[in-house]
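> This is the structure I want to talk about, given as structure tokens.
The values are calculated or read from the model by the stated rules, or taken from the named source; none is laboratory data. All of these numbers come straight from a predicted model, not from anything done at the bench. Glycine gets a Cβ as well: all are built from the backbone with ideal geometry, and neighbour counts include every protein chain shown. Surface accessibility is based on the protein's heavy atoms, side chains included, excluding ligands, DNA and RNA. Shrake-Rupley method; radii C 1.70, N 1.55, O 1.52, S 1.80 Å.
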Amino acid sequence: MGNYGNIGDYIGVVAAKRLSAVDIDPKSSHQHEFGDRSGALRKVLGDNDRKGSNNNGIPTVIMYLDDDEPPIVADIDTTWYDTRRNQSNRSPEWRLYYKDCDPIRHAKPGDLMCFGMLTDGRLLILITRQESSMETQTEWLFNIQDESERSYEVHDVTGYSVDTFAATILEALGIIVEAKDDTLLDEMISKWGYSFPSNADFAVFAQESLKDVDPAHDDPDKVVLAYYDQNFLLFKVFEKAVIQHEFDLAPFVLNDEIDVEAFTTFYTRVRNRRMSRAGTSLELHIARILDERGIKYKAQGHTEDGKKPDFLFPSQEAYDDRDFPEAQLRMLASKTSLKDRFRQVADEACRIHDKHLFTITPGDVTHLKLRQMDELHIHLVMPEKVKGTYDRMIQSSTMNFSDFINEMSSFDRSLSTTSGSMFRYSQPSREWKATH
């Protein structure tokens, strides 16, 4: 069992198919129903009638997920029953009836649709846009492969452990994931009270808590994942304690009434804290590995039009010096997930023709995005474990993070020997300085 339990702690077996025009296209169907010819939905919803007309409908959350827009969500009641219940001479014909809602209106034939019962008794109907990263991440999470439009297939991953990546995807689906290990909570409270430290201080704490990880000598693929996993775990543990403390001091629910303004302020603070953490922490973990290995770089440098690439190699000064050979410049962008943001990387450093992009989320890269990145001369970098979740085509176009680190180490050594007459290395700032 992982640090967050098993998938079955959050959602049961999943039935999935691709939407057909009969399912969803209003020009082809006005039925507002999903049939169950294969019997797969029965494995999710059971054999008992659940009719909204009898106040026994299924509380249902429907979500439509695309990469470029916030999730579209609706809470409705659905009706599940055998339309041939009173026809003993005919085989059962189960159908799920739903009300019209925004997520359904956004769905299109070819989109992936999944059904699963959450452990709180609600039915989750998840629809992801075809060829989106959210689709590929959902397929990875539930081990879905080659779904057709004809019938549902059942996927039982309830016994799979929830790791950091699965936890991240589950939370993107609105499912709250609980950390099972809070052994360092007392130490964090003793160190910071109930106030979050800077992202840098929190990242250092996470790194230093892993006593058996050596960033200077261990495999960088394993080190960056260990740091990222630990940072994610400790953040969840500490955040839960901080949220409870903040609520105890100023609850927004009193006498069964919600103070909407207080709740909105509270929610906004939590959301902003989460948004600022993930990307920054990953950059800090990469920087720690570069530092421990003595690799020269500039973090958050500045290039054309005020752009700030995450990592410039070997330095800001080298990039600014037009006499420094462009072939000896490198750039690494770092993004926990790509969505459509990889396009930002293309013009972050105009002097560097081929750019590298590090990402860490399984199922985040589609074939379409791979082609688009290739056109923009952006080369993917991933830890081996993450790279292994993709098909051969994507793997063959992706560099291991450890190989990138080794290349940067060799890159430094070659600069030291071939450019010594033009550039000298400044030890205090770890950056090249031009001498003429």
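> Please work out the Cα convex hull volume for the range 91-132 and give it in Å³ per residue. Please list the in-between numbers first.
Working: hull volume 5.3 nm³, N = 42.
Once divided by residue count, the hull of the range 91-132 is 126 Å³.
> By a straight-distance test (C-alpha under 18 Å), which lysines pair with K335 as possible cross-link partners, with residues fewer than eight away in the same chain excluded?
Excluding near neighbours in sequence, the set is K222, K298, K307, K308, K355, K369, K385, K387.
> Restricting to DSSP H runs of at least four residues, report the calculated mean residue ellipticity at 222 nm for the chain, -39500 (n - 2.57) per run over all residues, nearest 500 deg cm²/dmol. Intermediate results must be reported in sequence, preceding the final value.
Details: 14 runs with 156 residues, N = 436.
After summing the helix terms and dividing by residue count, I get -11000 deg cm²/dmol.
> At R0 = 60 Å, how high is the FRET efficiency between H32 and K308 if r is their beta carbon distance? Nearest 0.05 is fine. Could the numbers behind the result be given before it?
Numbers: r = 49 Å, r/R0 = 0.82.
Once the sixth-power term is evaluated, E becomes 0.75.
> Between K51 and V22, what is the FRET efficiency for a Förster distance of 30 Å, r being their Cβ-Cβ separation, to the nearest 0.05? Intermediate results must be reported in sequence, preceding the final value.
Values: r = 23 Å, r/R0 = 0.78.
That gives a FRET efficiency of 0.80.
> At a 10 angstrom cut-off on C-beta neighbours, averaged per residue, how do the peptides 315-321, 181-187 rank from highest to lowest? It would help to have the intermediate numbers written out before the result.
Working: 315-321: 19.9, 181-187: 12.9.
Result, highest mean Cβ count within 10 Å first: 315-321, 181-187.
> Not counting ligands, DNA or RNA, and with a 1.4 Å probe, what is Y227's accessible surface area in Å² rounded to the nearest 10?
0
> What does the C-alpha gyration tensor say about the overall shape of the range 2-111? Classify as rounded when a/c is under 1.5, otherwise prolate if a/b is larger than b/c, or oblate. Before the final figure, lay out each step's value.
Values: a/c = 1.71, a/b = 1.21, b/c = 1.42.
Taking the square roots of the gyration eigenvalues as a ≥ b ≥ c, the range 2-111 is oblate.
> Just to confirm a number: summing +1 for Lys and Arg and -1 for Asp and Glu over residues other than D102 whose beta-carbon lies under 15 angstrom from that of D102, what do you get? Intermediate values should be presented prior to the final figure.
On the way: positive: K99, R105, K108, R129; negative: D66, E69, D75, D100, D111.
With Lys, Arg at +1 and Asp, Glu at -1, the neighbours total -1.
> Compute for the range 233-359: radius of gyration divided by Kirkwood radius, i.e. Rg/Rh, restricted to C-alpha atoms, rounded to two decimals.
On the way: Rg = 20.5 Å, Rh = 17.5 Å.
So for the range 233-359, dividing Rg by the Kirkwood Rh gives 1.17.
> Treat each spin label as a single point 7 Å out from the Cα along the C-beta direction, and report the E407 to V270 distance in nm.
About 4.2 nm, to one decimal.
> Hey, another quick one. Can you give the local net charge around D120? Use residues other than it whose beta-carbon is closer than 14 angstrom to its beta-carbon, Lys and Arg +1, Asp and Glu -1. Kindly include the intermediate steps, with their values, before the conclusion.
Details: positive: R122; negative: D9, D75, E178.
Taking every other residue near D120 into account, the sum is -2.
> Let me ask you something else. Could you tell me the distance between the Cα centroids of the range 76-122 and the range 279-346, to the nearest Å?
Taking the Cα centre of each part, the range 76-122 and the range 279-346 sit 49 Å apart.
> Return one whole number: the accessible area per residue of the range 105-206 in Å², for a 1.4 Å probe. Display every interim value, and only then the final one.
Details: 4730 Å² over 102 residues.
Roughly 46 Å² per residue, with all protein chains present.
> Right, something else. Could you compute the net charge surrounding R269? Neighbours are other residues with a C-beta less than 14 Å from the C-beta of R269; K and R count +1, D and E count -1.
Numbers: positive: R271, R273, R274, R277; negative: E239, E246, E261.
Net local charge, R269 excluded: +1.
> Further question: Using the Cα atoms of the range 32-78 to build a convex hull, what is its mean projected area in square nanometres?
Numbers: hull surface 18.0 nm².
Quarter of the Cα hull surface area: 4.5 nm².
> Any idea what the alpha-carbon Rg over 2.2 N^0.38 Å comes to for the chain?
On the way: Rg = 25.4 Å, N = 436, 2.2 N^0.38 = 22.2 Å.
Relative to the 2.2 N^0.38 Å estimate, the chain comes out at 1.15.
> Moving on. Given a 1.4 angstrom probe, I'd like the percentage of the accessible area of the chain that is carbon and sulfur, rounded to a whole number. Kindly include the intermediate steps, with their values, before the conclusion.
Numbers: 9920 of 21370 Å².
With neighbouring chains kept in place, the figure for the chain is 46 percent.
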